[in-house]
Structures are given as structure tokens and as C-alpha cells.
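K.L.:
The structure follows.
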Ligand SMILES: [Zn+2]
């Protein structure tokens, strides 16, 4: 059952939202968490919803599933690898899709798991 729902869930258009990837900071910012594929560093990334999240409209609306998206280069403290992040959000700033080069999106749970 799990396998099937996962299989069909990934191609379904509705409620593809990935819970747990976003933490809200008031109404004006959200945090996402990125892991560097080179050194494994977990990097918190603050996004201002008012200026950094862009609304998809016009021709852009066809390019991704989200109502908002952000494109950002993230660099950690442990190495100089540049992580190119593109993340799509729905109208409630939940993550609906993400593409990362040199890294991956992790949940807040994963982010704080190894914190000391
Ligand atoms: Zn790194």
C-alpha cells in the first residue's frame, strides 16, 4: 500500500506537498534546510517571503508546479561548494518541488537530528 500510494502520489497533481521542509518565521520569512553533498554540512536557509520568493505568473507559471519559487545559491561554512537551489512553494509556503545541484533539501527533523 505504501509503495503504491508513493508511486501514484508522485505523479498526482494534487497534494504533492512535502511536509516538514519549511518552518515559518512569522509572516515574512520561512526557513528551509539544505545538505551539502560534498561535506554533508546541514545549512539553514532563511528566505524572505516578501522579497525572495517570486510568484510564478505569465510564461513562468508553466515552468513549475508552485505558486512561488526561489532560486538561490547556498554556501556552507565547511567547504566552498556552491549549492544551486530551486524550490517551489504553494500558496501556503509549503514545498511542492525542489531541484538542487550539489546538495539536497532536508526536513527540519533531519536538520536538527545531528545537532549537538
Ligand atoms: Zn560542503
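K.L.:
Can you work out which of the residues in segment 76-93 that are loosely packed, with under 14 Cβ neighbours inside 10 Å and in contact (Cβ under 8 Å) with a residue 24 or more places away in the chain is nearest to the chain's Cα centre (by Cα)?
P.N.:
Of everything passing the filter in segment 76-93, 91 is nearest to the chain's Cα centre (by Cα).
K.L.:
Let me ask something else about it. Out of segment 30-45, which residues are over 15 Å from residue 88 (Cα atoms) and either more than 16 Å from the ligand (Cβ to nearest atom) or out of contact with any helix residue (DSSP H, G or I) (no Cβ under 6 Å at 6 or more places or on another chain) (or both)? Working first, answer last.
P.N.:
Of the residues in segment 30-45, the ones over 15 Å from residue 88 (Cα atoms) are 35-44.
If the condition is that a residue be over 15 Å from residue 88 (Cα atoms) and either more than 16 Å from the ligand (Cβ to nearest atom) or out of contact with any helix residue (DSSP H, G or I) (no Cβ under 6 Å at 6 or more places or on another chain) (or both), then 35, 36, 37, 38, 39, 40, 41, 43, 44 are the ones that fit.
K.L.:
Checking residue 72 against (1) more than 16 Å from the ligand (Cβ to nearest atom); (2) under 22 Å from residue 25 (Cβ atoms), only one condition comes out false. Which one?
P.N.:
The number of the failed condition is (1).
K.L.:
Sticking with this structure for a sec: From 58, 20, 64, which residue is touching a residue at least 60 places away in the same chain (Cβ under 8 Å), farther than 11 Å from residue 93 by Cα and away from the ligand (no atom under 16 Å from the Cβ)?
P.N.:
Values: 58 fails: touching a residue at least 60 places away in the same chain (Cβ under 8 Å); 64 fails: touching a residue at least 60 places away in the same chain (Cβ under 8 Å).
Every option except 20 fails the conditions.
Every read-out reported here was derived from the displayed coordinates using simple, explicitly stated rules and does not represent laboratory data. Computed from a prediction, not measured in an experiment: that's the story for all the values here. Virtual Cβ from ideal backbone geometry, glycine too; neighbours counted across all protein chains shown.
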